[in-house]
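Visitor: The following block contains the structure, expressed as C-alpha cells.
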Amino acid sequence: MTLTGWTDPWNLFALTALLLLVLLYLFQRHARQQRTATLFLWDRPEAPPRSGARRHFRRFPPEFYLEALALALLAAAAAGPFFTTREEYPPLAVILDNSFSMRAAAGNGETFRTLALPELRRRLEKLPGRRIFWFAAGRAPRLLADDRNRFDFERAWTATEDAADLTAALALVRRTVPDAEILVVTDAPPPESLRNVEEIGWISAGQSRPNLAIVNARRGEGRLLTEVVNCAAVPMPARLTLTPGNAEHTLTLAPGERRKIVLRLTPEQEKNRLQLRLSSEADALDFDNERMLLPEDHSPVLVRIQSGLSDAARRDLEAVLTAATGFRQALTAELEVLPPGQPSDAHRLIWHQPVPGRSRPTLTDEPIILSPDHALTRGLSPDELHWTAVPDLRLPGETLISRGADPVLTALRRLDGKWDFHLNLQPESSNLARRPLWPALFWNLATLLRAERPGVETRNLRSGDLVRLRLPSLKTDSLRLIRPDGTEEILPARNGRSAFPAPPPGISRIEAENFQEEIAVSPGNPAESDLRRCAPFLRNGTPPANRDRHAVHSWSPLLLLAALLVLALHQVLIGKRQEGAP
Amino acid sequence: MNDLFKRTLQTVLARAADARLASPRTIGFNGRRLGRRAGNALEFSEYREYRPGDDLRRLDWNVFGRRELLMVKEFSEEVDPRCDLLLDHSRSMAVTPEKSAAAFGLAALLARAALNAGFSLALHHAADVWRKEPQPEAPSEWLSPEFDAPANPGDGLARYAGMLQRRGLRILISDLLWPEDPQSFLGGFSAGAKQTVLIQILADGELEPVPNGYVMLEDAETGEVRELPIDDAMRQRFRERAARHQEAWRRAAAEHGALLLSFQAGELVPDWSVARLFQTGVLQ
C-alpha cells in the first residue's frame with residue numbers, strides 16, 4: 001500500500017498566486033485593442049457568436065496556461081509531496097493517558113478526553129493508511145493494538161486507571177516500535193524531563209479545575225474511616241453521604257486540606273455493601289467521589305481439639321482459643337489440634353508431647369530463634385521464654401521457631417494444600433502460655449488460616465493493588481473476571497490460587513467452578529485527583545531522525561524539473577511571438 | 001471639418017488647380033488593353049489636335065493624309081462628359097485619420113479635376129444612404145465630411161445604382177474592404193458606365209497582419225469584436241486571405257474593364273504623390 005502526503009502542506013497556499021496571475025491577465029495584460037477594417041480576413045472563432053452578441057468568450061493566451069502551470073508546479077514542489085509504502089513509513093505510536101483525570105469535566109458536556117479527540121483525529125487523518133500502534137498509559141503501560149486492522153480506540157480508551165505512567169509508556173513504545181513517531185494524548189503539558197523532547201508529539205486538552213476527592217476509605221469493626229481532599233485553590237463545601245442509611249455529613253474543606261473522617265456503622269451497615277459519596281457543586285471530576293465497600297469476611301476460624309492431648313495442653317489451648325484470638329471451637333473444624341499420628345482433612349496443629357519412657361523433655365538456656373519472614377511468627381517476641389521440649393526431635397517442614405538447633409515449631413504444607421504445624425512443647429514445664437507470644441501466635445494462625453479459606457484475601461482494594469485469591473479446588477486452573485463495564489477476562493489459576501492486578505474501579509465479579517466472589521476496587525491516587533496541574537498543550541512530533549530504512553520518496557525534484565521545462569517552453573513561445581512581430 | 005481635413009483640402013485644391021480629369025476613353029491607356037467596351041457607337045462632335053496619350057485609334061488618318069496634321073475625333077460624350085464620383089463614407093475609411101483625409105482629399109482633387117475638364121459631375125456620398133452632393137465644386141461645403149457609415153458601398157449599390165449617370169465615368173473611392181464578392185459589386189457598379197475607376201485607399205500597413213500577441217480586434221464598420229491570440233500561423237493565413245481578396249478585386253476589375261488603383265494613405269497625405277493618376281491617364 002502506497003502512502004502519499006505532504007511534508008509542508010501549508011506551502012500550498014502559494015497557489016493563491018494563481019489568482020493574482022488571473023487578475024494580472026484580466027486587468028493588466030489585457031489584449032491590445034485595435035480597430036480594423038479587415039476583421040473579415042482574420043480567423044473566425046470555432047463557434048459563432050450568439051445572435052446579438054458582439055463579444056466572444058474571452059480566452060487566455062497560451063502563455064497564461066504555461067505560467068499558471070509553472071506556478072502550480074512550484075507551489076506543489078514547495079509543499080513537499082512524497083510517497084512511500086506503508087511498511088517503509090515510520091509508524092505512529094499513540095499513547096493514551098488512561099488515568100481517570102481524563103474524565104474531568106471541561107464545560108459544555110465535554111471532558112478532557114473528548115476535547116482531545118478532534119485534534120487526535122486530525123493528526124491520524126494526516127496520513128491515511130499509516131500504521132498506528134496504540135498504547136494505554138496506566139499504572140503499567142500496555143499495548144492495546146497494532147492497527148493492522150481497524151481499531152476502535154475510543155472504546156478502548158476507558159480512562160479509569162488511577163495513574164498514568166507516561167515515562168514507562170514511552171519506554172514500552174521505544175522497546176516495541178523503536179522507529180515510531182510518538183504522540184502522547186493526556187491532560188497536562190509534558191513534564192520537565194520531556195519538555196524539550198521536541199520529537200514527541202503532544203496533545204493535552206486539560207484545564208486547571210477544582211476537584212474534591214475521596215482518597216481513602218476503609219472498613220473496620222463498627223466504623224468506616226475515610227479521607228477526603230480539596231484539590232482547589234478555594235474553600236469547597238461538600239456533603240459526605242453513606243448508604244444504606246443515608247447518613248450525611250456536611251463539611252467545608254480549606255484549599256488543599258486533607259481531612260480524615262470516621263463514620264460509625266450500624267449493625268445493618270456492617271453486614272452490607274456500603275456506598276460512600278462525596279458531593280460538591282463545583283467539583284469537576286465525579287469519578288473519585290465515590291467508594292463502594294464490601295463487607296470483609298472476618299469470621300472466626302473453626303477449631304477442634306482432638307483427644308489424646310495432655311490436660312495441660314488442652315487447658316492452655318482452651319484458654320487461648322477463647323481469648324478473642326479469632327477462633328471458635330466447633331465440631332466441624334478448619335483447624336484440628338491433635339497429637340501426632342492422627343489423620344485429618346483439615347489444617348492440623350500437631351502437638352508433639354513427650355512419650356513416657358521413651359523421650360524426656362528438657363529445658364535449656366539455648367536461644368529461642370524465630371523466623372522473621374513467616375506470617376505465623378510475625379510480631380512475636382521470644383523474650384523470657386522457657387520452652388521445654390523433647391530434644392533431638394525432628395519435625396517436618398519449615399522451621400519457624402527453634403531452640404538452639406532443635407526446631408520447636410515448624411510448618412509444612414501438605415499435598416492437599418492444607419497446613420501441618422508441628423509444635424514440640426511440654427506445657428507443664430514451659431511458660432509459653434503465660435507469655436504474649438502464645439496469644440499472638442494464635443492470632444497470626446487465625447489470620448493465616450482465614451487467608452487459606454477459598455476467596456479473595458481482601459474484598460476492598462485500590463487501583464494498582466494485587467488481587468490474591470484461593471479457589472476451593474486445587475484442580476481449578478482458570479477463573480473468569482467480570483469487570484464493572486461488563487467485559488470479561490479468563491485468568492489462569494494454579495494449585496487453586498490466582499493473583500492478578502486489580503481491575504478498573506467498581507464492583508467486579510470473580511467466578512470459577514463452585515466459586516463466586518465480588519471485589520470492590522476504588523481509585524485512590526490524590527495526585528491524579530489534583531486537576532490544578534492540568535493545562536492545554538499542543539506540539540507536533542516528528543518521525544525519528546534515523547530515516548535510513550524509511551524510504552520517503554519526494555516528488556519535489558520532479559516537480560521542479562517540470563516547472564523548469566514549462567518555463568523554458570514559455571520562453572520559446574514568447575521568442576516565437578517576438579520573431580513574428582513586424 | 002477637422003484641421004487635417006482643412007490642411008488636406010488646402011493642399012489638394014492647390015494641386016488640382018490645373019488638373020483635369022481625363023476622358024473615359026483615355027483612362028487606363030498606357031499600352032494596356034482598354035477593355036471590352038471599345039467600339040461604342042458615339043456621335044462625332046469635332047476634331048482637335050492630337051495630344052500625347054490620346055487613343056491612336058481616334059486619329060483621323062484621312063486628315064493626316066490630306067493635311068499631314070494629326071487630328072483626333074471628339075465625340076459628343078467627350079464634349080459633354082459625365083462623371084459620377086462615389087465616395088465611400090463607411091467607418092472603415094476612418095480607421096486612421098490619414099486614411100479618411102486621403103479619401104476626402106482625393107475626392108476633392110478628382111472633383112476639381114472633373115470640373116476643370118468640363119465634366120458633368122455628380123458626387124455621391126455613399127453612407128448608409130447615398131446622398132448626392134449639391135455643391136461638388138466646393139469641397140469645404142460638402143454635406144458630410146465624416147466617415148461614419150455602418151455600411152459599405154456594396155450594401156447600398158442595389159438600391160442606389162439608379163443615381164449613377166449612364167455612359168459616364170464612374171469613380172469609386174473606397175478601401176474595398178468588405179467581404180462580398182467583388183464581381184457582383186462591379187457588375188452592378190460598372191453597368192452602363194463608359195469607364196469605371198476603382199481607387200482603393202488603404203491605411204498604411206492595413207493589409208499587413210498585426211503583430212503576434214493577444215489582440216482584441218474591433219471591426220470598424222460592424223463593431224464586431226474578436227479576441228484573437230495572434231501567432232505566426234494566424235498572421236500567415238491573414239496574408240493569404242488579404243492577397244486573395246486583392247486578387248479577387250483585380251480579377252473582377254479586369255473582367256469588367258475597370259481600372260483599379262491602390263494607394264496607401266501615406267502616399268497621399270501629406271505629400272499628395274498622385275503621379276500614378278497621371279500615369280494611368282485618370283488625370284491629365
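The values are calculated or read from the model by the stated rules, or taken from the named source; none is laboratory data. What you see is a predicted model, and the numbers here were worked out from it, not measured in a lab. As a convention, Cβ positions derive from the backbone with ideal geometry for all residues, glycine included, and neighbour counts pool all protein chains shown. In case anyone asks, the SASA skips ligands and DNA or RNA and just uses the protein heavy atoms, side chains included. Shrake-Rupley method; radii C 1.70, N 1.55, O 1.52, S 1.80 Å.
Visitor: Most mobile of B:Ala191, B:Ala158, B:Ala114 per a Gaussian network model of chain B (Cα springs, under 10 Å)?
Guide: Evaluated over chain B, the most mobile residue of the options is B:Ala158.
Visitor: In chain B, what % of DSSP beta bridges are antiparallel (nearest 5)?
Guide: 40
Visitor: Looking at A:Ala512, A:Ser208, B:Met234, which one has the Cα that reaches farthest to the positive end of the dipole of the protein assembly as shown (charges on Cβ: Lys, Arg +1; Asp, Glu -1)?
Guide: Ranked along the dipole, the leading option is B:Met234.
Visitor: For the stretch A:414-456, what is the convex hull volume of its Cα atoms per residue in Å³?
Guide: Numbers: hull volume 3.0 nm³, N = 43.
For the stretch A:414-456, the hull spanned by Cα atoms encloses 70 Å³ per residue.
Visitor: Figure the gain on full extension for A:Thr241 and A:Ile574 (residue separation times 0.36 nm, minus the Cα-Cα span) and round it to one decimal in nm.
Guide: Result: 111.1 nm gained on full extension.
Visitor: Can you tell me which lysines have their Cα less than 24 Å from the Cα of B:Lys99? Leave out same-chain residues fewer than eight positions away.
Guide: B:Lys6, B:Lys132
Visitor: To the nearest 10 degrees, how steep is helix A:556-580 against the longest Cα principal axis of chain A, on a 0 to 90 scale?
Guide: Approximately 10 degrees, to the nearest ten.
Visitor: Work out the charge dipole of the stretch A:197-329 with +1 on the Cβ of Lys and Arg and -1 on the Cβ of Asp and Glu about the Cα centre, then indicate which of A:Gly220, A:Pro255, A:Val197 is farthest towards its positive end.
Guide: Of the listed residues, the answer is A:Gly220.
Visitor: Under 5 Å between amide H atoms, partner at least 5 residues away or on a different chain: which partners does A:Glu398 have, H built in plane at 1.01 Å?
Guide: Under 5 Å from the amide H of A:Glu398: A:Ala411, A:Leu412.
Visitor: So what is the 222 nm mean residue ellipticity for chain A from helices alone, if each DSSP H run of at least 4 adds -39500 (n - 2.57) and you divide by all residues, rounding to the nearest 500 deg cm²/dmol?
Guide: Helices in chain A give a 222 nm mean residue ellipticity of -6000 deg cm²/dmol.
Visitor: Residues of B:200-213, mean number of Cβ from any other protein chain within 10 Å of their own Cβ, rounded to a whole number?
Guide: Across the residues of B:200-213, the mean count of other-chain Cβ atoms within 10 Å is 4.
Visitor: Using the beta-carbon distance between A:Asp146 and A:Asn495 and R0 = 45 Å, what value does 1/(1 + (r/R0)^6) give for FRET efficiency, to the nearest 0.05? Don't skip to the answer; put the middle values down first.
Guide: Values: r = 34 Å, r/R0 = 0.77.
In this case the efficiency is close to 0.85.
Visitor: Sticking with this one: Counting Lys and Arg as +1 and Asp and Glu as -1, each charge on the Cβ, what is the dipole of the stretch B:133-180 about the Cα centre in debye, to the nearest 20?
Guide: Once rounded to the nearest 20, the dipole reads 440 debye.
Visitor: Can I ask one more? Test of the criteria: in the stretch A:240-295, which GluC sites (Glu not before Pro) are in a DSSP loop and have at most 12 other Cβ atoms within 10 angstrom of their Cβ? Mind dumping the intermediate values first?
Guide: Details: sites: A:Glu248, A:Glu257, A:Glu268, A:Glu270, A:Glu281, A:Glu290; in loops: A:Glu257, A:Glu281.
Qualifying residues, ordered by number: A:Glu281.
Visitor: A further question on this structure: Which percent of Cα-Cα pairs in the protein assembly as shown sits in each 10 Å bin, short to long?
Guide: 2, 9, 11, 10, 9, 7, 6, 5, 5, 6, 5, 5, 5, 4, 4, 3, 2, 1, 0, 0, 0
Visitor: Classify the stretch A:136-177: rounded, prolate or oblate, from the alpha-carbon gyration tensor (a ≥ b ≥ c, eigenvalue square roots; a/c under 1.5 rounded; otherwise prolate if a/b is larger than b/c)? Don't skip to the end; give the middle numbers.
Guide: Numbers: a/c = 3.61, a/b = 1.15, b/c = 3.13.
Taking the square roots of the gyration eigenvalues as a ≥ b ≥ c, the stretch A:136-177 is oblate.
Visitor: Can you give me the relative contact order of chain B as a percent, contacts being Cα pairs under 8 Å and 6 or more apart?
Guide: Rounded, it is 24 percent for chain B.
Visitor: Measuring from label point to label point, each 7 Å out along Cα→Cβ, what is the B:Asp204 to A:Ser208 span in nm?
Guide: If labels sit at B:Asp204 and A:Ser208, their model points lie 8.4 nm apart.
Visitor: Let me see the P(r) profile for the stretch A:123-201: every Cα-Cα distance counted, bins of 10 Å, each bin given as a percent of all pairs.
Guide: For the stretch A:123-201, the pair-distance distribution reads 16, 51, 31, 2.
Visitor: For n ≥ 4 DSSP H runs only, could you compute -39500 (n - 2.57) per run for chain B, divide by its residues and tell me the 222 nm figure to the nearest 500?
Guide: On the way: 9 runs with 93 residues, N = 284.
After summing the helix terms and dividing by residue count, I get -9500 deg cm²/dmol.
Visitor: Quantify how strongly other chains surround peptide B:215-225 by giving the mean number of their Cβ atoms within 10 Å of each of its Cβ atoms.
Guide: Going residue by residue through B:215-225 and averaging, the value is 6.
Visitor: Report, in debye and to the nearest 20, how large the dipole of chain A comes out about its Cα centre when Lys and Arg carry +1 and Asp and Glu carry -1 on their Cβ.
Guide: In total the dipole reaches around 2240 debye.
Visitor: Subtract the Cα-Cα distance of A:Asp345 and A:Lys260 from 0.36 nm times their separation in residues, and report this length gain in nm to one decimal.
Guide: Between A:Asp345 and A:Lys260, full extension yields 26.0 nm more.
Visitor: Relative contact order for the stretch A:328-411: what percent, with Cα pairs under 8 Å and sequence separation of 6 or more?
Guide: Relative contact order comes out at 22 percent.
Visitor: Which three extents, in whole angstrom, do the alpha-carbon atoms of the stretch A:272-355 cover along their principal axes, largest first?
Guide: 75, 25, 20
Visitor: Ignoring trypsin sites (Lys or Arg not before Pro) that are buried or in helix or strand per DSSP, and keeping those with at most 12 other beta carbon atoms within 10 Å, what is the longest stretch of chain B between them?
Guide: Free of exposed loop sites, the longest segment is B:37-165.
Visitor: Continuing with this model, one more query. Check every DSSP H run in chain B and write down those whose alpha carbon atoms cover 24 angstrom or more along the long axis and whose mean Kyte-Doolittle hydropathy is 0.0 or greater.
Guide: On the way: long enough: B:97-116 (28 Å, 0.71); B:232-255 (34 Å, -1.64).
Helices meeting the span and hydropathy rule in chain B are B:97-116.
Visitor: Something else about it: With every protein chain kept in place and ligands, DNA and RNA left out, what is the accessible area per residue of the stretch A:308-446? Probe 1.4 Å, answer in Å².
Guide: 50
Visitor: Taking the Cα centre of the stretch A:235-340 as the origin and placing charges on Cβ (Lys, Arg +1; Asp, Glu -1), which of A:Val320, A:Pro295, A:Leu242 is farthest toward the positive end of the dipole?
Guide: Value: A:Val320.
Visitor: When the convex hull of the Cα atoms of the stretch A:152-263 is projected onto a plane and the area is averaged over all directions, what value comes out in nm²?
Guide: Dividing the Cα hull surface by four gives the mean projection, 10.7 nm².
Visitor: I would also like to ask the following. Going Cα to Cα from B:Lys194, which lysines come in below 18 Å? Please leave out same-chain ones fewer than 8 positions away.
Guide: Within the straight-line limit of under 18 Å, B:Lys194 reaches these lysines: B:Lys73.
Visitor: Summarise the partner chain shielding of B:228-234 as one whole number: the mean count of Cβ atoms from other chains within 10 Å of each residue's Cβ.
Guide: 6
Visitor: Tell me, what HN-Hα J-couplings in whole Hz come from the Karplus equation 6.51 cos²θ - 1.76 cosθ + 1.60 at θ = phi - 60° for each residue of the stretch A:130-139, using x for Gly and Pro?
Guide: 6, 6, 10, 9, 10, 10, 10, 9, x, 4
Visitor: Round to the nearest 0.05 the FRET efficiency obtained for B:Lys132 and B:Arg167 when R0 = 25 Å and r is the Cβ-Cβ distance.
Guide: That gives a FRET efficiency of 0.85.
Visitor: Assign unit charges at the C-beta atoms only (+1 for Lys and Arg, -1 for Asp and Glu), then state the dipole size of chain B relative to its Cα centre in Debye, rounded to the nearest 20.
Guide: Details: 36 positive and 41 negative charges, 263 e Å.
For chain B, the charge dipole is close to 1260 debye.
Visitor: Going by amide H atoms built from the backbone, whose H comes under 5 Å of the H on A:Ser430, apart from near neighbours?
Guide: A:Thr388
Visitor: If you don't mind, there's one more thing I want to ask. With both partners inside the protein assembly as shown, how many of the DSSP beta bridges are antiparallel, as a percent to the nearest 5?
Guide: Counting DSSP beta bridges with both partners in the protein assembly as shown, the antiparallel share is about 60 percent.
Visitor: Which of the lysines could a cross-linker bridge to A:Lys418, judged by Cα under 24 Å and excluding same-chain residues fewer than eight apart?
Guide: In chain and number order, the partners are A:Lys475.
Visitor: Let me ask another. Starting from the Cα of A:Arg155, step 7 Å along the direction of its Cβ; do the same at A:Val197; then give the gap between the two resulting points in nm.
Guide: With each label point 7 Å from Cα toward Cβ, the separation is 3.1 nm.
Visitor: Now, a different point. Please list, in chain and number order, the residues 5+ apart from B:Tyr214 or on another chain whose amide H is under 5 Å from its amide H, with Hs placed from the backbone.
Guide: A:Arg32, B:Ile230
Visitor: Can I ask one more? Can you work out ³J(HN,Hα) from phi for every residue in the stretch B:144-149, in order, using Karplus 6.51 cos²θ - 1.76 cosθ + 1.60 and θ = phi - 60°, giving whole Hz and x for Gly and Pro?
Guide: 9, x, 7, 10, 9, 6
Visitor: Please compute, over every Cα-Cα pair in the stretch A:363-443, the percentage with a separation greater than 20 angstrom.
Guide: 26
Visitor: Return the single residue from B:Glu180, B:Glu227, B:Glu74 with maximal mean-square fluctuation; model: Gaussian network over chain B, springs between Cα atoms under 10 Å.
Guide: Highest fluctuation among the options: B:Glu227.
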